[in-house]
Every structure is written in C-alpha cells, then in structure tokens.
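Engineer: If you scroll down you'll find the structure; I have some questions about it.
The values are calculated or read from the model by the stated rules, or taken from the named source; none is laboratory data. Treat the numbers as computed from the prediction; the structure is a model and nothing was measured. Here the Cβ is made from the backbone with ideal geometry for all residues, glycine too, and neighbour counts use every protein chain on show.
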C-alpha cells in the first residue's frame, strides 16, 4: 500500500478526478487560452449547485425515500419575492436576505407538515408543495422583471482575489455544513436516522425533530441560492430553478453520498458541481449539438458513478 | 457411542486457518463430523465457532487447511456444500421477510420446481413443522415479517430439515434455541435426536450448556480459534465444560436486594387490558419480564421507552436507555465504527454547545472497552467487524454510558457466551446498587432467577408478579400457561 491508499478510498475522489480530466481536456482544445476564464465560470456556476446540493444531501442522508423536490420552486419564489421587496434599493439588501430565509423556513415547515400530518411520502409531499410555491411565485411575479439592487448585483458578479464572490459564499456555507455534519450532535443524528430509523429512535434520538430541522435546512439553503442566483442573473425568472431539480440530486449522487442514506460527504458536492458545469462547457467547446450534448452528459455521469461505486463493491 | 468402527465422514475440516486482517479467527482448527452423530460446539464469543461453520458450509475459503465432503478433498464452495447435503440455520435469521413461508422454501430449495411448487412447498413445510414442533400453530400462508421472532426461527429450522429431492445429511444449528422458549427448545432437541437416529448428522452450537450436554454425542470445545477438547458428551458435565472453555464457574454469590420497594416508584404503568397487575419499578431494582417468548414482553418495553422520550425535542436527561436484543432491527448502526455506536446515546454529555468533544468521546469509549472487554484492537473499526456477542456488549455499553436512571433490556443475552454473561451480570448488580433500575426481558430461566422481582407475561398482559424467593422455574412456568395462576 502506498500513500494513495486512504485517498483512493474516499468516495469524493472520483468526482474530483473526473473534474480535473474534463477541465484539462477543455483547456487543451483551446490551447490554454481559456484556463482562467473557464475556471472562474466553473466556480461561479458550481457555487449555486453546491448550495442547493448541500441541502439536498442532508435530506438524502436521512435515508431511503427522503428527498426534497420543492427546491426549484423554492428558489424561484425566494428570488422573486426578495427582489420585489428590495425594489432596487441598496438599503434593503439585508431585509431581502432575511425575507428569503423566512420563506425557506416557511416552505420547510410546510414540507414536513405535509409529510407528517398527511403521512404522505416525501417525494409526493415536496412535489405538491412545489406546485403551491410555484403558483405563488407566478401570482406575485406577474411577468415583471425587477432588477436587483446595484450593490448586490455588483457583489454577486464580481471577484475577490480572483475567486467569484458567490463561490466564496458557497465555500463558507460548505464549511458550516461540514462542521454540522462531522462535529455536531445533529450530524450524528441524521446519519443514525439514515442507517436505521428504528434503532435511532431506540437510541434516544428525537427522530421527528431532526427530520423536521433537516427539511427546513434544505429549504433555507435553496432560498438563499435563489436569492443569490436572482441577484447574479439580473432578476428573477419563473424558470430560474428548473435545472436545479436534477442538479441538486445529481451532485449529491456523483459526489459519493450514499443514496441509501446514512453516509454523506461535502467535498464530493464541490467536485460534482464543478464536473457538471465543465462537462457541458467541454462539449460546447468541441461543438456538439444540443442532442448529442445531452446524451454524452448522461453517459459521462453514468461512467463516473460506476467508477466510484465499483471500488466499493470490491470490499 | 460404543461402536468401534468409525462412521463415514460427512464433512471434515482439518488445520483450518482464517484471519480477518490482524484478527486470527481460526488458528489451525480441526472439525470432523460423521454420519449419525450430533456434535455439540461450544466456546466463548469470538472463539471461532461461527467462522468454522462458514468454512464448512462453503461461505468462507480458509487461508490454510483442507475441507473435504464425504472424504473427497479439494472441493469447496457453497454449491458444493449444498450438493453434499450440508444445510445451515444461521444465528442471524436469514429468511426473506417480505415473502411467505412457502416462497421461502423455494428460495432455500432450488430443486422445488414445476408448476405446483407453491402447493408442494406448503405441504412440505407444514409436514416438517408438524414433525419438528407438534402443535406449532403457524400459518404457512402468512409472510415472514408477520411472524414473531420465535416463529421465524421455527420456520427456518423446519425449512432446513425439509427433504425436497435430496435428504439433508448435515444440518448446522447455530444458536437455534436462543429465541425459542423452553417448551419449543425441548421439542427441537427431541427432533434432533430422532434425526440423528435415522442417520443424519447435526452440528449444534449453543450457549445453553444443558441442551448441548443432553443432546450431543460428542462435544467440541473451541477457544481462541483452536479446538481445545473433542470428547464424547458423557465425559463432560456443566462444570467441566465451562472450565474447558476457560471461564471459572461462579457460585451463586448473588444477593437480592430485598425490600427495596421503598419511596415513590421511578416508573409505573397502568395495567393492560386482561390484567389487574400494574407494572411498577423502584430505584435500584432489577425487574424481570418472564413468560413464554412473544407474549408481549418486547411490546411492553417498547411502549415504556417510547412513552418516556419525545420524538420532537432532544431531552437533556433521558429517563430511559434501551438495550436491543434484535441487533439488526433496532440496535446497531451498520455503517459506523464501534466508537460511534457506543457513544450515540450519550452525546449530550460528551459535547459542549452541541459540538462533540472527540477526546472526551475517545476517553469514554476506551473506559467501556476495558470495563466490558470489547474484543477489538481499535474502537475505530467498523461495528460489523465484531462477533455477535461483542456487538451486544457495545449495545450494553451504549445504554450504561448514559445517565438514564432506568435501563430497559430486550432479551439482550441472546448468543452471548457464559463468561461474558457473568461479567455483565456483575456490572448490572453494581449499577443497580448505585441506584439504577433495570427492566429485563429474558427467555432464559437462569437470568430470570437473578431478578429481584418478576412479572410473568401471558397473551400480552401481566399474569403474575413474583417476588424474591418465589421466583422459581415452576412458579414462572405455572404462571406462563393459562390457568396456571390458580395454583
């Protein structure tokens, strides 16, 4: 065994390996000219996937059947209402952020309320919730596109030390999530629940309380992401969350989090988010058409999951 | 036992060595089983009993040594073992819970073919159950998950003894009676004797030495991966068997804390329908829940536990802790290390501001590793690397490491060896003396006798309360059967 032994066994290593390969292939094609621009763009767009991906990861860790499909609608509603409330005034930025967090909390409560009170599976509860949330967004938006406040728009599209500000925000949130997951009692609890709900209950864990907190956390992260994305792209759009439904789940799975629950990791979400963006830009660079691009994206994702999962099966 | 001509070998494993990483599970063990004999296999937890069974049934390839079936060496594997009539009933129940009983027959017996396999499977398992456990009352059309743990064990045993096209020649029974009550265990042992008389062989693994001594023709004692004795059963008695296993027989130096029923009870539950006796417990008491298996004892414990702790808010001082008996169902967290499994119930005490203090956690786990002797080089190893008995010790440590005043135990000594049991009993006594209350469901009479007070369950309710010297096997049995309490 050499020094790589423990590293190879980390489930997140595969998403990073794939990311580096795809990055190198893309940069090679352009003769190295695009390396800085490509990296910055990748970090910017990955940041949004990371933020929603972390929330989804916490929910998936709770075990089989746990998933939050209301992520896109939450992003849309949070972005729409926050921009409307701020109304292009710089002084309202913090108020807007607080409002979007409150929206997230409300949606999280709604999600778990449906799951618990109506005893419906999370996949259906969160999907129904997302219809309600999306309808509210449509009703409040009414086709108007309100611009974000100047300072906020500037912040979300600019860089500090060459790194996009949104990526720094995502990094900060990842660190908090990592501490929560690895060092806190809460992290132990969600992992225990994901392995066996019955055993967790009999070990004295407040299972409902923990699951409730997790669904709220996921919705809050989605609404923060919606707030940032709307500011970044110069206004909220009704379909702005659409691609993040698949994205939030894909980055969790490719990142090496166990779909069966109980086991999760945060570095993998970064690797997977960067990878998902870079694959699309690589295929764009090589000039593939839209259809071919989608097929190749699917094939590449499957290969990465096989590479990551195959190692585990050998044990 | 008196014939001099050696009978034909069914399975022979010689000089077997198996190591899992640094742990030597088997270190040159020999085990030969001949036709028409019942071999008893005893030893401590981690002595290598389950490992040698896995070698014989083909599930595990030894690093050294040879396995031969019917005297033909060089053949190995699960399919080969089955082809030579080796069947195995595992300690961890291995039926498919979502299938019916007759569908499980098909899973175990690939040779049950043809259009009418359901009907024939049903007929086979019914006949076999009737033969092994007369008057069992199991509905063979129900799915396995609707059966109690004892019924599942009975079904699994019956399926293993069933003849479809090939008669079983060697049936390995790994702790077959641990979930059965005394009546069913006696039925099974009588059936084993009949099966052996007809020329079959049985390898019987059990921690209940009485049934090993009464049922086996020959007893093999294992210790630390080696066979330390292999003699006819007549040369052993309980004391010699325990001495050979390497633990000293302790006399009943057990003093009941009499008359502790003082002050307010630490818990009390109203009487269940069909009973007039309410469950009460006082500080420092060890209370037994007795009766035939599956008569509501586990449900009573779950009910007590769930009513004491909130499912929504974390409790700073949990009132009760729970020790699981069915580890896979509500005990262990399979993805985790031993350390995390041990500390999960006492995290509040090990952390400041909801962040876990890793040093504190290590210190507590090392202390319990020593106190309860968990056999592992490193507490960071996965929990599933431990033998069943050692996993059970971790669950004990999990409950005892909490500050809870009441500890509930759901038949936790299933599959735990004699030496460990003695250690745990002593820890229980010490903890009880310090004021802890234990409520202990057990299917073993020896354990029920250790309790200060016993509630006997029948049909989901408490049928009788026995105190102190009144806790005897006849009294418990009398109360366990309908009409018995009149005596």
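Engineer: With the checklist (1) surrounded by 14 or more Cβ atoms within 10 Å (Cβ to Cβ); (2) part of a loop (DSSP other than H, G, I, E, B); (3) over 19 Å from the mean Cα position of the chain (by Cα) in hand, flag the one item residue B:105 doesn't pass.
Structural biologist: (2)
Engineer: Scan region B:343-353 residue by residue and report those that are without any contact (Cβ under 8 Å) to a residue 40 or more places away in the chain and more than 8 Å from chain A (Cβ to nearest Cβ). Break it down stepwise before answering.
Structural biologist: At the first step, the residues of region B:343-353 found to be without any contact (Cβ under 8 Å) to a residue 40 or more places away in the chain are B:347-348, B:350-353.
Matches in region B:343-353: B:350, B:352, B:353.
Engineer: While we're looking at this one, here's another question. Mind checking which strands (runs of 3 or more DSSP E) fall wholly inside region B:409-487 and carry at least 1 residues that are modelled with pLDDT under 80 and closer than 14 Å to residue B:289 by Cα? Please lay out each step first, then the result.
Structural biologist: On the way: elements: B:437-441, B:453-458, B:461-467.
Fully inside region B:409-487 and qualifying: B:453-458.
Engineer: Sticking with this one: Is it the case that region A:24-40 has a residue that's in contact with a strand residue (DSSP E or B) (Cβ under 8 Å, 6 or more places away or on another chain) and more than 30 Å from residue A:212 (Cβ to Cβ)?
Structural biologist: Checked region A:24-40: at least one residue is in contact with a strand residue (DSSP E or B) (Cβ under 8 Å, 6 or more places away or on another chain) and more than 30 Å from residue A:212 (Cβ to Cβ).
Engineer: Based on what the data block shows, is residue B:358 more than 7 Å from chain A (Cβ to nearest Cβ) and over 24 Å from the mean Cα position of the chain (by Cα)? I'd like the intermediate steps shown before the answer.
Structural biologist: On the way: more than 7 Å from chain A (Cβ to nearest Cβ): yes; over 24 Å from the mean Cα position of the chain (by Cα): yes.
Yes.
Engineer: Counting only residues that are assigned to a helix (DSSP H, G or I) and at pLDDT 90 or above, which one in region B:317-342 is farthest from the other protein chains (Cβ to nearest Cβ)? Spell out the reasoning first.
Structural biologist: First, the residues of region B:317-342 that are assigned to a helix (DSSP H, G or I): B:327-330, B:338-342.
If we keep only those that are at pLDDT 90 or above too, we end up with B:338-342.
On the way: B:338: 14, B:339: 11, B:340: 7, B:341: 9, B:342: 11 Å.
Filtering first and then ranking leaves B:338.
Engineer: I've got another one for you. Somewhere in region A:159-173, is a residue crowded, with 19+ Cβ neighbours inside 10 Å, more than 12 Å from chain B (Cβ to nearest Cβ) and over 24 Å from residue A:81 (Cβ atoms)?
Structural biologist: Taking every residue of region A:159-173 in turn, at least one turns out to be crowded, with 19+ Cβ neighbours inside 10 Å, more than 12 Å from chain B (Cβ to nearest Cβ) and over 24 Å from residue A:81 (Cβ atoms).
Engineer: While we're here: Looking at region B:276-308, which of the residues that are more than 17 Å from residue B:400 (Cα to Cα) and at the interface with chain A (Cβ under 9 Å from one of its Cβ atoms) is surrounded by the most Cβ atoms within 10 Å (Cβ to Cβ)?
Structural biologist: B:302
Engineer: With under 30 Å from residue B:297 (Cα atoms) and assigned to a loop (DSSP other than H, G, I, E, B) as the only criterion, which of B:137, B:114 stands out?
Structural biologist: On the way: B:114 fails: under 30 Å from residue B:297 (Cα atoms).
None of the other options fit; the residue is B:137.
Engineer: Please tell me if residue B:203 is on the phi < 0 side of the Ramachandran plot and either within 16 Å of the chain's Cα centre (by Cα) or free of Cβ contacts under 8 Å to residues at least 24 places away in the same chain (or both).
Structural biologist: Details: on the phi < 0 side of the Ramachandran plot: yes; either within 16 Å of the chain's Cα centre (by Cα) or free of Cβ contacts under 8 Å to residues at least 24 places away in the same chain (or both): no.
It is false that residue B:203 is on the phi < 0 side of the Ramachandran plot and either within 16 Å of the chain's Cα centre (by Cα) or free of Cβ contacts under 8 Å to residues at least 24 places away in the same chain (or both).
Engineer: Let me ask something additional. Report yes if some residue within region B:372-385 is within 15 Å of the chain's Cα centre (by Cα), within 14 Å of chain A (Cβ to nearest Cβ), crowded, with 20+ Cβ neighbours inside 10 Å and under 21 Å from residue B:44 (Cα atoms); otherwise report no. So that I can check it myself, show each step before the final result.
Structural biologist: Quick first cut of region B:372-385, residues within 15 Å of the chain's Cα centre (by Cα) only: none.
No, every residue in region B:372-385 fails to be within 15 Å of the chain's Cα centre (by Cα), within 14 Å of chain A (Cβ to nearest Cβ), crowded, with 20+ Cβ neighbours inside 10 Å and under 21 Å from residue B:44 (Cα atoms).
Engineer: Just checking, does region A:210-230 include any residue being within 13 Å of another protein chain (Cβ to nearest Cβ), without any contact (Cβ under 8 Å) to a residue 12 or more places away in the chain and over 24 Å from residue A:81 (Cα atoms)?
Structural biologist: No - not one qualifying residue is present in region A:210-230.
Engineer: For region B:234-247, check the following and say yes or no: at least one residue is under 21 Å from residue B:50 (Cβ atoms) and at pLDDT 90 or above. I'd like the intermediate steps shown before the answer.
Structural biologist: Step one: list which residues in region B:234-247 are under 21 Å from residue B:50 (Cβ atoms), which gives B:241-242, B:244-247.
Retained after the next criterion (residues that are at pLDDT 90 or above): none.
No, region B:234-247 contains no residue that is under 21 Å from residue B:50 (Cβ atoms) and at pLDDT 90 or above.
Engineer: Next up: Which of the strands (runs of 3 or more DSSP E) found entirely inside region B:1-72 contain at least 2 residues meeting this: at pLDDT 85 or above and surrounded by fewer than 21 Cβ atoms within 10 Å (Cβ to Cβ)? Steps first, please.
Structural biologist: Numbers: elements: B:9-20, B:23-34, B:38-43, B:64-69.
Fully inside region B:1-72 and qualifying: B:9-20, B:23-34, B:64-69.
Engineer: Another question, if that's okay. Which number in (1) touching a helix residue (DSSP H, G or I) at 6+ places or on another chain (Cβ under 6 Å); (2) at pLDDT below 90; (3) more than 14 Å from every other protein chain (Cβ to nearest Cβ) marks the one condition that residue A:143 misses?
Structural biologist: Among (1) touching a helix residue (DSSP H, G or I) at 6+ places or on another chain (Cβ under 6 Å); (2) at pLDDT below 90; (3) more than 14 Å from every other protein chain (Cβ to nearest Cβ), residue A:143 violates only (1).
Engineer: Right, another one. Within region B:307-316, is there a residue that is out of contact with any strand residue (DSSP E or B) (no Cβ under 8 Å at 6 or more places or on another chain) and either in contact (Cβ under 8 Å) with a residue 40 or more places away in the chain or farther than 25 Å from residue B:266 by Cα (or both)?
Structural biologist: Checking region B:307-316: not a single residue is out of contact with any strand residue (DSSP E or B) (no Cβ under 8 Å at 6 or more places or on another chain) and either in contact (Cβ under 8 Å) with a residue 40 or more places away in the chain or farther than 25 Å from residue B:266 by Cα (or both).
Engineer: Being free of Cβ contacts under 8 Å to residues at least 12 places away in the same chain and either in contact with a helix residue (DSSP H, G or I) (Cβ under 9 Å, 6 or more places away or on another chain) or buried (at least 23 other Cβ atoms within 10 Å of the Cβ) (or both), is that true of even one residue in region B:429-439?
Structural biologist: Scanning region B:429-439 turns up no residue that is free of Cβ contacts under 8 Å to residues at least 12 places away in the same chain and either in contact with a helix residue (DSSP H, G or I) (Cβ under 9 Å, 6 or more places away or on another chain) or buried (at least 23 other Cβ atoms within 10 Å of the Cβ) (or both).
Engineer: Also, I was wondering about something else. For region A:261-270, state whether one or more residues are away from chain B (no Cβ under 14 Å), more than 17 Å from the chain's Cα centre (by Cα), in contact (Cβ under 8 Å) with a residue 40 or more places away in the chain and under 26 Å from residue A:23 (Cα atoms).
Structural biologist: Start the filter on region A:261-270 by keeping residues that are away from chain B (no Cβ under 14 Å), which leaves A:266-270.
Filter once more, so that each one left must be more than 17 Å from the chain's Cα centre (by Cα): none.
Looking through region A:261-270, none of the residues is away from chain B (no Cβ under 14 Å), more than 17 Å from the chain's Cα centre (by Cα), in contact (Cβ under 8 Å) with a residue 40 or more places away in the chain and under 26 Å from residue A:23 (Cα atoms).
Engineer: Condition first: without any contact (Cβ under 8 Å) to a residue 24 or more places away in the chain and surrounded by 13 or more Cβ atoms within 10 Å (Cβ to Cβ). Now tell me which residues in region A:107-131 satisfy that.
Structural biologist: Taking region A:107-131 as the starting set, the residues that turn out to be without any contact (Cβ under 8 Å) to a residue 24 or more places away in the chain are A:110, A:113-114, A:117-120, A:124-125, A:128.
Once the filter is applied, which keeps residues that are without any contact (Cβ under 8 Å) to a residue 24 or more places away in the chain and surrounded by 13 or more Cβ atoms within 10 Å (Cβ to Cβ), region A:107-131 yields A:110, A:113, A:114, A:120, A:124, A:125, A:128.
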